[in-house]
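Encoded as structure tokens, the structure appears first; notes follow it.
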Amino acid sequence: MTDYSTYALRLGDDALILSQRLSWWSSRAPELEEDLALTNVALDLLGQARTLLASVGDEDELAFMRESREFLNLLIVERPNGDFAQTIARQLLFSTFQLARYEALVDHPDEAIAGTAAKAVKEVSYHCDHAANWTRRLGDGTEESRARIRDAIENLWPYTFEMLEHDSLEAELGVDPASLRERWEVEVGQTLEAAALGVPEDSGWRPGGGRRGVHDEDFGYLLAEMQSLHRAHPGARW
Amino acid sequence: MVSAAEARAVVAEIPDPEIPVLTIADLGILREVTIEDGEHLVVTITPTYSGCPAMDLIRSEIAGRLGERGVEDAEVRTVLSPAWTTDWMSEEGRRKLREYGIAPPGATTEDTLGVACPRCGSSNVREISRFGATSCQAQYACQACLEPFDHFKRH
């Protein structure tokens, strides 16, 4: 029987780490509706992560006791929240990819992966709409909002190469990210065009390594916040 | 020994923790109650959204209510597939939602007719945010009577 655990862990870590990032916005978003929106997105992602992690082992052990080098998430999901535009740009670039990936996995042979994908397709399509709407509003807003979303897209663009590069392990166990690139480019391109923003040029700098557990410096701080309570008080409950 | 139908009647009455006017049967969360191997009671439920925080509470409510009936070893099984859809919400559930002040989802996910204000019935409404107090709701405002209200999203 094929062992899908590494693949489930990759999918789960992408969702878990982005969820952790987004939950910071609780009580800090520019308006109440946005506060609810970003934390709802975080909750959807957390639910997806829990199912996937629980299919691999003990979900708490996996989330709270692993070291940085054992996390397999993409670098883009761990990028700091930055300003609101940065958070929205990260969501647009990742959710568009994540939706295409889940759609390709609804008939996956692994029950947890297929089940999560089937549920998540509906959830993530909301995340995509939300991010695309804001990208248009910011791009078509004031000079300030426009400059910020443009900078955010440019800052995050280099991280999309790792997300969409060919990966033989993923091609074998699920879906090759490279096969989703064309659709991703069309969909992201349409939103950027509607926002009167251009597609950034490839600077040639393509950071990667998340899938091998090589993360950015910021990641240590994220883990410290996420894991410290569980490590100090194992088994703590509300 | 409690029959599957009796057990179903007991757990079907459990209210949803977040929208207590609806039962888990109204919502379509309760999928099946069966007896396996002649003695093992299995209650199958499915979450509305992946991250639905009410699931743990629903699970313990099911175990608790069956325990009161002397069923101590019931299994609560959570399935993800087929994925929950608002198509499974009962007519009764939709009526109760409307009376509670939440605009119910369309009759089917294919039903793209607009949302109606649960207070005055006007379909002249405006979406404020696609996300609301719970994962399954969106925020709307009625342009006719000015009532802000929640809408249970088609899903």
Can you name the residue in the stretch A:96-112 that is in a helix (DSSP H, G or I) and either out of contact with any helix residue (DSSP H, G or I) (no Cβ under 9 Å at 6 or more places or on another chain) or facing another protein chain (nearest Cβ under 10 Å) (or both) and, of all such residues, is surrounded by the most Cβ atoms within 10 Å (Cβ to Cβ)?
-> A:Ala112
Matching helices (runs of 4 or more DSSP H) fully within the stretch A:1-83 where at least 3 residues are in contact with a His (Cβ under 8 Å, 6 or more places away or on another chain), surrounded by 16 or more Cβ atoms within 10 Å (Cβ to Cβ) and within 12 Å of another protein chain (Cβ to nearest Cβ) | A:32-56
When residues of the stretch A:119-146 are limited to those that are among the small types (Gly, Ala, Ser) and open to solvent by less than 30 Å² (accessible area, probe 1.4 Å), the one farthest from A:Thr87 (Cα to Cα) | A:Ala120
Within the stretch B:115-155, residues being open to solvent by 30 Å² or more (accessible area, probe 1.4 Å), more than 14 Å from chain A (Cβ to nearest Cβ) and closer than 23 Å to A:Asn40 by Cα number 1
Give the stretch B:66-93 a look and list any residue that's crowded, with 17+ Cβ neighbours inside 10 Å and either more than 23 Å from A:Gln48 (Cα to Cα) or away from chain A (no Cβ under 14 Å) (or both), or say none.
-> B:Leu66, B:Val71, B:Ala74, B:Val76, B:Met89, B:Gly93
Of the residues in the stretch A:187-238, how many are of a type in the set (Gly, Ala, Ser), in a loop (DSSP other than H, G, I, E, B) and over 21 Å from A:Leu74 (Cα atoms)?
-> 5
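Can you find even one residue in the stretch A:218-227 that is farther than 20 Å from A:Ile17 by Cβ and in contact (Cβ under 8 Å) with a residue 40 or more places away in the chain?
no
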Looking at the stretch B:129-142, is at least one residue closer than 22 Å to B:Pro20 by Cα, modelled with pLDDT of 90 or more and not in a strand (DSSP E or B)?
-> no
Log entry, pairs with first residue in the stretch A:165-184 being assigned to a helix (DSSP H, G or I), second being exposed (fewer than 13 other Cβ atoms within 10 Å of the Cβ), beta carbons closer than 9 Å, six or more apart or on different chains, reads A:Glu172/A:Thr2; A:Leu173/A:Thr2; A:Leu173/A:Asp3; A:Pro177/A:His166; A:Ala178/A:His166; A:Ser179/A:His166
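The values are calculated or read from the model by the stated rules, or taken from the named source; none is laboratory data. Here the structure is a predicted model, which is why all the values come from computation and not from measurement. Methodologically, a virtual Cβ is constructed for each residue, glycine included, from the backbone with ideal geometry; neighbour enumeration extends over all protein chains shown. Areas reflect the complete protein model, heavy atoms only, side chains present, ligands, DNA and RNA absent. Shrake-Rupley method; radii C 1.70, N 1.55, O 1.52, S 1.80 Å.
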